[in-house]
Amino acid sequence: MKRADRKFMEDGIRTLHTFNSTPELKGNTRYIFTDADMQARDYLKSLIKEAGLELYEDGIGNIFAVLRGEDSKLPPVWTGSHFDTVINGGMYDGVVGSLGAIEALKVIKDSGERHLRDIAAVLFTSEESGRFGIGCLGSHFITGEEGFVSIEDTKRIKDDSGVTLYEAMTERGYGKDFEKIRKKKGDIFAFIELHIEQGPVLESMGIPIGIVTGITAPTYISVTIKGEQRHAGSTPMNARKDSMCAFAEIVLELESYAKSLGHPNFCATVGKVNVSPNASNVIAGEVRFTIDLRGIKSKPKDKMAEDIIRFFAYLKEKRGVKIEYHIDANDKPMFSNENLVELIEGVCEDKKLPYHKMNSGAYHDSLMMAKLCPMAMIFVPSKDGISHDPDEYTSMDEIMEGMDVLCESVLRIANRTEPLN
Ligand code: GLV
Ligand code: MN
Ligand code: MN
């Protein structure tokens with residue numbers, strides 16, 4: 001089989017970086033259904049058409065490219081990732097696996113490789129939670145869990161300005177044939193995603209390929225603390241209900257709690273905060289913020305959520321503030337299919353590429369896809385472990401090694417007749 005086209009990958013990464021809502025910053029911001037997102041969609045669709053692949057988009061904007069196999073009645077292999085970014089993020093997160101999926105289909109097609117199953121590249125709508133506060137929107141609707149089934153569900157999901165997913169989506173011409181988005185178990189033979197590691201493990205070990213065995217899952221909680229807005233100079237320190245101080249206690253409690261678990265795959269983060277009225281000489285009356293908890297096992301992650309909610313009760317008592325919260329998501333960690341992991345190990349061995357089996361600290365559309373079908377992921381190193389930052393970087397040599405493993409793995413899966421489970 002031919003090697004992936006380095007120039008296609010390099011040009012694609014650079015070009016996608018130009019579709020950016022914050023060009024004044026160093027990094028990239030591409031939120032779902034913004035102009036930047038729509039430009040990226042047009043570009044990716046043009047690449048798919050140029051490659052001579054079948055193209056379609058579903059009702060929520062997941063983009064598919066299809067390469068037909070010898071027996072299209074067999075469940076297909078899917079590979080793909082996302083092409084949206086966090087606010088002021090990097091050039092590689094999601095983009096490598098999205099371009100990589102299109103390129104893998106091109107390589108298999110142009111090499112004239114025979115394969116039994118259809119192969120689809122799927123470019124998911126909005127894996128990042130930036131605009132609507134919920135990650136993996138496209139893959140959530142594909143798996144169709146409770147709350148992510150019908151067009152009605154899109155009417156309750158809102159961004160910070162109160163625009164619903166329904167409004168944002170229909171304004172861009174999506175929302176049609178919604179019932180066709182959802183897939184059921186058995187519809188897809190396997191899903192495989194190439195992604196940057198986004199952490200320091202591979203680089204520190206000097207190993208080019210990570211094979212993901214488990215994906216940590218998030219719990220998202222949005223919280224509002226209501227205290228009393230008062231004068232910063234004339235309100236005595238012992239007569240305050242300062243929502244900012246209550247907020248600070250929660251942030252530090254989360255940090256020490258997660259640290260005390262002493263495991264790299266259990267984390268707690270407060271990354272988004274709104275303070276009202278946000279003035280230097282006014283005691284904050286209200287603080288709204290998000291909590292992002294991650295865990296590789298559900299039980300300790302759920303306990304972390306329960307304990308922090310108990311801490312809210314203690315703080316309410318201690319500081320006389322009101323605390324309201326809502327659990328926006330509580331996903332379960334998922335594990336890769338062992339046969340797929342073994343297949344990828346075989347590919348790495350044949351290509352003489354050292355590999356390391358590891359958990360993913362970040363979540364991915366693969367986490368959702370694992371509910372539907374056997375899943376595995378291939379990681380390539382991230383320089384200094386940096387991600388969700390403009391300094392995110394993976395070299396083209398490293399990306400090309402990941403592509404070697406992706407292309408061969410996809411081809412082997414597409415010719416597999418034995419079941420994976
Ligand atoms: C996805 O980017 C995540 O937040 O893990
Ligand atoms: Mn990300
Ligand atoms: Mn990602």
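Has the range 369-392 got any residue that is within 16 Å of ligand 1 (Cβ to nearest atom), hydroxyl-bearing (Ser, Thr, Tyr) and part of a loop (DSSP other than H, G, I, E, B)?
yes
Buried (at least 22 other Cβ atoms within 10 Å of the Cβ), touching a His at 6+ places or on another chain (Cβ under 6 Å), at pLDDT 95 or above and among the small types (Gly, Ala, Ser), is that true of GLY210? So that I can check it myself, show each step before the final result.
Values: buried (at least 22 other Cβ atoms within 10 Å of the Cβ): yes; touching a His at 6+ places or on another chain (Cβ under 6 Å): yes; at pLDDT 95 or above: yes; among the small types (Gly, Ala, Ser): yes.
Answer is yes for this residue.
Failed condition for ILE87, given (1) more than 23 Å from SER395 (Cα to Cα); (2) touching a Gly at 6+ places or on another chain (Cβ under 7 Å), with all others met?
Failed condition: (1).
Filter the range 276-322 down to residues that are more than 29 Å from ILE215 (Cα to Cα), open to solvent by less than 50 Å² (accessible area, probe 1.4 Å) and out of contact with any Gly (no Cβ under 9 Å at 6 or more places or on another chain), then give me how many there are.
Residues flagged as more than 29 Å from ILE215 (Cα to Cα), open to solvent by less than 50 Å² (accessible area, probe 1.4 Å) and out of contact with any Gly (no Cβ under 9 Å at 6 or more places or on another chain) within the range 276-322 amount to 3.
Keeping to the range 1-43, report how many residues are assigned to a loop (DSSP other than H, G, I, E, B), open to solvent by 50 Å² or more (accessible area, probe 1.4 Å) and charged (D, E, K, R).
5
Which condition breaks for HIS388 when tested against (1) farther than 17 Å from THR213 by Cβ; (2) surrounded by 17 or more Cβ atoms within 10 Å (Cβ to Cβ); (3) out of contact with any Asp or Glu (no Cβ under 8 Å at 6 or more places or on another chain)?
Checking HIS388 against (1) farther than 17 Å from THR213 by Cβ; (2) surrounded by 17 or more Cβ atoms within 10 Å (Cβ to Cβ); (3) out of contact with any Asp or Glu (no Cβ under 8 Å at 6 or more places or on another chain), the one that fails is (3).
Yes/no per residue for (1) modelled with pLDDT under 95; (2) closer than 27 Å to GLY361 by Cβ; (3) under 20 Å from the mean Cα position of the chain (by Cα); (4) among the β-branched types (Val, Ile, Thr):
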position: ARG288; (1), (2), (3), (4): no, yes, no, no
position: GLY295; (1), (2), (3), (4): no, yes, yes, no
position: LYS301; (1), (2), (3), (4): no, yes, yes, no
position: LYS316; (1), (2), (3), (4): no, no, no, no
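Filter the range 91-131 for residues that are within 16 Å of ligand 2 (Cβ to nearest atom) and of a type in the set (A, V, I, L, M, F, W, C); which is most open to solvent (accessible area, probe 1.4 Å)? Walk me through how you get there before you give the answer.
Taking the range 91-131 first, the residues within 16 Å of ligand 2 (Cβ to nearest atom) are 91-100, 123-131.
Within this subset, residues satisfying the condition of being of a type in the set (A, V, I, L, M, F, W, C) are 91, 95-96, 99, 123-124.
Numbers: MET91: 48, VAL95: 4, VAL96: 1, LEU99: 0, LEU123: 1, PHE124: 1 Å².
My answer is MET91.
The values are calculated or read from the model by the stated rules, or taken from the named source; none is laboratory data. Keep in mind the model is a prediction, meaning the values are calculated, not measured. Because the Cβ atoms are built from the backbone with ideal geometry, glycine has one as well, and the counts that use them run over all protein chains shown. Heads up: the accessible areas ignore ligands, DNA and RNA and are worked out on the full protein's heavy atoms, side chains in. Shrake-Rupley method; radii C 1.70, N 1.55, O 1.52, S 1.80 Å.
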